Amino acid sequence: MNFNDTDEFTRRQLLCNIAKAALGVSVAPMFSSSLATAADFLPNRPKAAKSVIFLMMSGGMSHLDTLDVMGKKESVLGETKAIETSAKGIMLSENLPKTAKQMQHICLMNGMSTTQGAHEQGQYLMQRSYTMRGTIVHPALGSWVVRLAGKRNNNLPGFVAVSTDANSAAGGFMGAKYSGVPIGEPGQGLQDSMRPSSINEGDFEKRLKLADAMNKQFHTQITNPGIREHSSLYDDALRLMRCEDLKAFDVKKEPTEISEMYGTSRFGQGCLLARRLVEHGVRFVQVTLGGWDTHYDNFTAVPARAKNLDDGLSALLKDLHRRGMLQDTLVAVGTEFGRTPEIITEHQDGRDHYPKAFSCLIAGGGITGGRFYGKKDDKGGNVVEGMTTPMDFNATISYALGLDTDQVIMSPSGRPFTVADKGKPVVELFS
Amino acid sequence: MIRLGIFLLLFVPPVCAELSFRRQILPLLGKACADCHKAPTKGTDGKVQNPKGGFRMDAPSHMLKGGSDGSGVEPGDPDKSGIYQRIMLPTGHEDFMPPKGKGTPLSFPQTELIKQWILEGANFGDWIGSDIAVAVVPKPGAAGLRKVDPLAAGLTEPAPDAMKKLGSLGAVVYRAGKDSKLIIVAFVQSTSLIGDKEMEHLRPLAANITELDLSDTKITDVGMSVVGTMPRLTKLNISGTAVTDAGVAGLKGLVNLDCLAAHSTGVSDAAVETLKSMKKLRSVFLWKTRVTSSSAAELQKALPGSSVSIE
């Protein structure tokens, strides 16, 4: 442990204690109002999308059992069958029957290819567009989006990460204020930020003042730039509690039939929460669905996972569309890599990691759906057309939002970075 | 059965096949124009052959720059694009391209294809021709943004004070793009505090507003009268408000309106009658309203190419 680590620990501890004492909030130092607002933003393209919902399939989603069954040999599909979709000429795996009915909104990204074959590195590249290094933490895509496009609602965080490991939503060198606000259980919303019922409002204000005084004292004693960032924690948390916008976090406000449409799984409810947040102006919501690492028994594990994805994704697309929000909301399904075309019989028909070729999808956000971009060979093992890297994928999302993909942000160490590194947006999706 | 489907699919072109410059436009121009409009070359006689009219078509940058007379390709605007103007002249005209007797004129489907490509923003895809640039994709938006600009013709700068005022009410207010005089206004935060009274603050900006989001605010038909004075409005969201048919009737003059989201409102079939006359409407969202499915179907018919959704 070096000095920085100790420093980090005491700072967190302190904030944690004060915040908990005052508010019952678990550490959430991200609601900084000092962020840029959307008013400073000049979109780079007309009718730019306003928000992103990024559904991250963590573990490495098997492309051959989900998004890329078209023209594939039976020997690589194994037990998985293809079904027709609402878009003429496009097929999906039978594991995604409800999504198939929303295909008119979707463009399959079947030319995906990455260089990273390990989970952590693969996810890092997918979510941050840079290769993992020991010396720097690159900001998550959500952090970039809030940094470049600003917040649309100052009463809410710009970036929320649902059921997502806090590390993968970290603002990296942009600092904590650009990190995704973590929501563990979507069904419970921001429960922690409600005033503990045992405290009446008068008491509560008093405790808050006390905490505030402690905090000011702390500031005069220690001048660590990291702390300044957190200085508006109380203001923000307080605003959050009183603000009507907070109801965005409460999925219990949804009518039963809508809630059921998304499925009762944590992921489904996360998708529902994502819709509510975007409706209230949150820029970027990531919802993670784990369990795709199907080395063993792929043909039992994938259908189970896919059911959660299918319920959540199809409901999300349908719901966003009928509200007229899908044009303004880009929905992306990403994963760190694919899985082998070879079915490994010694592992009860499992599939191993496969970075060379995989699949993602993009829907809404101004793209034309009912299509696919990129193509693999009939074994699903090589991209033969429309090769798309994680950087290209993220550049495409940035392009949809009208971000300037060339805008350089310097790290504190003085090095230049851009939102999708050298990724090129797939502009064809938008015509 | 399913396997057969898959087999056929191999012949479905991927999405990039739809108006790809490289595949659909370049071959046409290459055949009909390239010989006379390329980089200066030395002929067999040792003489330098300059591109005709100073106009080169061997790279996106040259095509966008145009020739000695001006325009080559004007993204979004075929009528201002030299290449389109000249292929559309009567074949006998002295400016017609390719010049009389120097090649086969392009056919109508071919000229339509070129027109469509320009209309779509003249995207060169990954073609860089003789450009030795690193970037293979045209700068996002550079072409696209000009498409909105005709709408901004004759427009003055949005009043800064009025923009500030809206900002103080919690609205997000920003320009539709770099150097654009069009603005986007969205009430997303604390929307219950926004009602008909606040709509008055939109008046000074009525000419500039091209997108307006009033969803979940407390506005009524009264406040909608202000919205009816926004000639450049292309996108309007009044979902979750108390607006009724009377409010929608006031939108009749919005000839540029392309998207209307009005789910969970008080509108009914009477509003559909108003919408039928708005020929630029392409997307209409009427879920959770009293609009019947037969009336929605009629609307879709009255507006060719549109999508009207009620569920």
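Hey, got the average number of other protein chain Cβ atoms within 10 angstrom for residues in A:40-53? Please list the in-between numbers first.
On the way: counts 1, 4, 9, 10, 8, 12, 17, 11, 6, 0, 6, 0, 0, 0.
Taking the mean over all residues of the peptide, I get 6.
Enter the mean number of other protein chain beta carbons within 10 Å of the beta carbon of each residue in B:188-197, as an integer. Don't skip to the end; give the middle numbers.
Working: counts 13, 12, 7, 5, 2, 1, 0, 0, 0, 0.
Neighbouring Cβ atoms belonging to other protein chains average 4 per residue here.
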Counting only protein heavy atoms and leaving out ligands, DNA and RNA, the solvent-accessible surface of A:C107 at a 1.4 Å probe, in Å² to the nearest 10, equals 0 Å²
Surrounding charge for B:C36, neighbours by C-beta under 14 angstrom, Lys/Arg +1, Asp/Glu -1, total +4
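Hey, if we sort A:R339, B:R23 by accessible area with the 1.4 Å probe, largest down, what's the order? Could the numbers behind the result be given before it?
On the way: A:R339 0, B:R23 130 Å².
Accessible-area ranking of A:R339, B:R23, largest first: B:R23, A:R339.
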Going residue by residue through the stretch A:164-174, the Karplus relation 6.51 cos²θ - 1.76 cosθ + 1.60 with θ = phi - 60° gives ³J(HN,Hα) values, rounded to whole Hz and with x marking Gly or Pro, of 10, 4, 3, 4, 7, 10, 6, x, x, 5, 7
With every protein chain in place, the accessible area of A:K177 for a 1.4 Å probe, in Å² rounded to the nearest 10, comes to 50 Å²
Taking Lys and Arg as +1 and Asp and Glu as -1, residues besides B:E211 with C-beta under 12 Å from its C-beta add up to +2
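For the B and A pair, go ahead and give the buried accessible area with a 1.4 Å probe, both sides summed, in Å² to 100.
On the way: alone 17350 and 18210 Å², together 31020 Å².
Roughly 4500 Å².
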Output for the stretch B:146-216: trypsin sites (Lys or Arg not before Pro) sitting in coil per DSSP, at most 16 other Cβ within 10 Å, listed by number, reads B:K178
Using alpha carbon centers only, the stretch B:49-85 is separated from the stretch A:47-78 by a whole-angstrom value of 42 Å
Under the Karplus relation with 6.51, -1.76 and 1.60 and θ = phi - 60°, whole-Hz ³J(HN,Hα) for the stretch A:107-123, x at Gly and Pro, equal 10, 6, 9, 8, x, 5, 7, 10, 9, 9, x, 10, 4, 4, 5, x, 5
In whole percents, the bins of 20 Å from zero upward hold the Cα-Cα pairs of chain B as 26, 43, 28, 3
Inter-part gap, Cα centre of the stretch A:268-325 to Cα centre of the stretch B:213-254, in whole angstrom, is 33 Å
Spelling it out for B:T292: with amide H atoms placed in the peptide plane at 1.01 Å from N, the residues 5 or more places away or on another chain with amide H under 5 Å from its amide H are B:D269
Taking A:E257, B:E112 and ranking on accessible area (1.4 Å, protein atoms only), highest first, one gets A:E257, B:E112
Over 19 Å (Cα to Cα) among B:K164/B:K280; A:K101/A:K356; A:K50/B:K178; A:K151/B:K181; A:K247/B:K218; B:K235/B:K276 -> B:K164/B:K280; A:K101/A:K356; A:K151/B:K181
Taking a straight Cα-to-Cα line shorter than 29 Å from B:K42, and setting aside same-chain lysines fewer than 8 residues away, one finds B:K31, B:K52, B:K65, B:K100, B:K102
Measure of exposure for A:E185: accessible area at 1.4 Å probe, Å² rounded to 10, is 80 Å²
Distance in Å, no decimals, from the C-alpha centre of the stretch B:261-303 to the one of the stretch A:341-378 is 39 Å
Diffing the stretch A:133-140: the Karplus 3J(HN,Hα) column from phi (6.51, -1.76, 1.60, θ = phi - 60°), in whole Hz with x for Gly and Pro, holds 10, x, 8, 8, 10, 7, x, 5
Here the gain from full extension of A:E385 to A:Y296, 0.36 nm per residue of separation minus their alpha-carbon distance, amounts to 29.0 nm
Averaged over all viewing directions, the convex hull of the alpha carbons in the stretch B:21-119 casts a projected area in nm² of 6.4 nm²
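Of B:K65, B:K115, which has the most accessible area with a 1.4 Å probe, and how do the rest follow in descending order? List each step's numbers first, then the result.
Numbers: B:K65 145, B:K115 65 Å².
Result of the area sort, largest leading: B:K65, B:K115.
Given a 1.4 Å probe and every protein chain left where it sits, what share in percent of the accessible area of the stretch B:21-119 is carbon and sulfur? Write out the running numbers ahead of the final one.
Values: 3160 of 5850 Å².
After summing per-atom areas, the C and S share lands at 54 percent.
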Charge tally for neighbours of B:V226 with beta carbon under 13 Å away, counting Lys, Arg as +1 and Asp, Glu as -1, is -2
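The values are calculated or read from the model by the stated rules, or taken from the named source; none is laboratory data. This structure is a prediction, so every number in the text was calculated from the model and none was measured. Quick reminder, even Gly has a Cβ in these numbers, built from the backbone with ideal geometry, and neighbours come from all protein chains shown. The protein model used for the area step is the full one, side chains on, heavy atoms only, and it has no ligands, DNA or RNA in it. Shrake-Rupley method; radii C 1.70, N 1.55, O 1.52, S 1.80 Å.
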